[in-house]
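Shown next, in structure tokens, is the structure this report addresses.
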Amino acid sequence: MLEVLPHGPAGKLRSTYRVLRDPFESLPQWQRRFGDPFTIPTMNGTVVMTGDPKLVKEIFAGDPDTFAPFAAQALGPTLGQASLLALHEPRHMQHRKLLMPPFHGERMRAYAEIMASVAERRLAEVAGAPRFLALELGQSISLEIIVRAVFGAQDDARAQQLASAVLGLIHDSSPLLFFMPFLQRDFGGFGPWARFRRRYEVLDRMLQEQIEHARAHEGVDICSLLVRARYEDGAPMSDSDIRDELRTLLFAGHETTAITMAWVLDHVHRQPTVLARLRDEIAGVRDPADYPKQPYLDAVCKEAMRIYPIVTEVLRVCVKPFRLGELAIPPGVAVSAAVLLVHRREDLYPDPLTFRPERFLERRFAPHEYLPFGGGHRRCIGAAFASFEMAIVIGTALSRLDFELLDDRAPRPVRRNITMAPSGDVPLRAKTR
């Protein structure tokens, strides 16, 4: 077993900047230059990264006690100390068990009507407009779904207040605050961190009001379910922990549907045969909850997330020695499953830069071969919710409107906070079908 870390780029600041700036160029370039796996020094620690599915499988199959979340010291002050993304075992699994029920089974069907009605209303607002941005439309849909289905806002005025608070927080967020924790300093009430914290406190107070409302009025929203959830010893979650998890669901899910919707609308309108097949499939759908059951629609969404994964790598810090292939990874070093490197392997996805949804109908990919939501014991807990929402929103959009691309140039992926989104936000024109 090798105890020396593999070669990689030099310089923490420069490497962190390159990953932030353009991982779609930097990660493949480093893989070609240094081999796989390779080591990246970053401002949040040393990372051994791989795009080899066999090694990704070893990471995902690793003992949960071997790993801690990456950059927890940066995530804690931004998402909350009890955020699922910042927790280590055993608290991580305790929280995960309480968060899992709202994202499965009949609970999902309860959200379908909310998702479809929000999508229909927002789509009607852009029908006939000379120009709008797909990403902005998707964000408005996704945000209202979170405000209503996750936070539990029941009336329009409250939904608008919460949406405004969320938009303010997102506006004053920056990837630098997540990736460079030394910037999390308050310079006498000035600077990006001070602005972020003021927005954070506004939303925090509103989330507490939602928790108190949920205690008095039983609902099917996720906030209500968390208020009534109990640990194995019968104890409830604290209000602070609930607020942290609601914020985590916001940051993890706000842009997922929006970005995928934008990529899908761009891709399918550049390939008329794909669009025609998709429209034929969804033409007979009457119940919005049936959109996620349509195989070609599911394949289209998966292919969009394969080519341009919203999060390009999955990171975990070793707290115990970990064997990765022939490497001995010491405690304190992170291991990373590079989503975009796996998704662009020729042996798995022939002609990987071509948008071809049929590949997901021709074979089933293992969790270490297709991983837009990560994998293992820390796989994104909202993956089912996000996939369900994507299918309903995209199915509703294509059944209601005819879209026209307003930019002949295909977009490229650019950084938006911790996610990657299409440049230009995909400008469109639409009319009612």
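The values are calculated or read from the model by the stated rules, or taken from the named source; none is laboratory data. What you are looking at is a predicted structure, and each value in this text was computed from that prediction instead of being measured. As a convention, Cβ positions derive from the backbone with ideal geometry for all residues, glycine included, and neighbour counts pool all protein chains shown.
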Residues in segment 184-229 that are farther than 18 Å from residue 150 by Cα and in contact (Cβ under 8 Å) with a residue 40 or more places away in the chain: how many? 2
Quick one: which of 137, 133, 99, 162 is closer than 30 Å to residue 318 by Cα and surrounded by 15 or more Cβ atoms within 10 Å (Cβ to Cβ)? 99
Every residue in segment 353-398 that is β-branched (Val, Ile, Thr) and either closer than 19 Å to residue 308 by Cβ or within 20 Å of the chain's Cα centre (by Cα) (or both), please. 354, 381, 392, 393, 394
Subset of segment 276-296, residues in a helix (DSSP H, G or I) and either within 16 Å of residue 116 (Cα to Cα) or in contact with a His (Cβ under 6 Å, 6 or more places away or on another chain) (or both), comes to 282, 288, 289, 290, 291, 292, 293
Subset of segment 332-375, residues in a helix (DSSP H, G or I), closer than 25 Å to residue 322 by Cα and out of contact with any strand residue (DSSP E or B) (no Cβ under 8 Å at 6 or more places or on another chain), comes to 342, 343
Do you know which residues across segment 401-417 are of a type in the set (A, V, I, L, M) and part of a strand (DSSP E or B)? 401, 405, 414
Inspect segment 313-325 for any residue being in a loop (DSSP other than H, G, I, E, B) and either closer than 22 Å to residue 398 by Cα or in contact with a Cys (Cβ under 7 Å, 6 or more places away or on another chain) (or both) and give the result as yes or no. no
Quick one: which of 288, 295, 309 is within 29 Å of residue 338 (Cα to Cα), touching a residue at least 40 places away in the same chain (Cβ under 8 Å) and crowded, with 18+ Cβ neighbours inside 10 Å? 309
Would you check which residues across segment 373-400 are at pLDDT 95 or above and under 16 Å from residue 59 (Cβ atoms) and list them? none
Of everything in segment 1-43 that's in a helix (DSSP H, G or I) and under 22 Å from residue 324 (Cα atoms), which residue is nearest to the chain's Cα centre (by Cα)? 27
With the checklist (1) within 25 Å of the chain's Cα centre (by Cα); (2) part of a helix (DSSP H, G or I) in hand, flag the one item residue 215 doesn't pass. (1)
So residue 307 clears everything in (1) touching a Gly at 6+ places or on another chain (Cβ under 6 Å); (2) aliphatic (A, V, I, L, M); (3) under 28 Å from residue 285 (Cβ atoms) except one condition, right? Which one? (1)
Identify the single condition in (1) of a type outside the set (Gly, Ala, Ser); (2) exposed (fewer than 15 other Cβ atoms within 10 Å of the Cβ); (3) closer than 30 Å to residue 407 by Cβ that residue 261 does not satisfy, given that it satisfies every other one. (2)
With the first residue restricted to segment 359-385 and required to be closer than 15 Å to residue 300 by Cα, and the second required to be in a helix (DSSP H, G or I), Cβ contacts under 6 Å at 6 or more apart or on different chains are 360/299; 360/302; 361/299; 372/305
From (1) surrounded by fewer than 21 Cβ atoms within 10 Å (Cβ to Cβ); (2) within 25 Å of residue 291 (Cβ to Cβ), pick out the condition that doesn't hold for residue 394. (1)
Tell me the residue from 34, 70, 38 that is within 18 Å of residue 311 (Cα to Cα) and either modelled with pLDDT of 95 or more or touching a strand residue (DSSP E or B) at 6+ places or on another chain (Cβ under 7 Å) (or both), please. 70
Exactly one of 304, 289 is within 15 Å of residue 387 (Cβ to Cβ) and over 21 Å from the mean Cα position of the chain (by Cα), and that one is 289
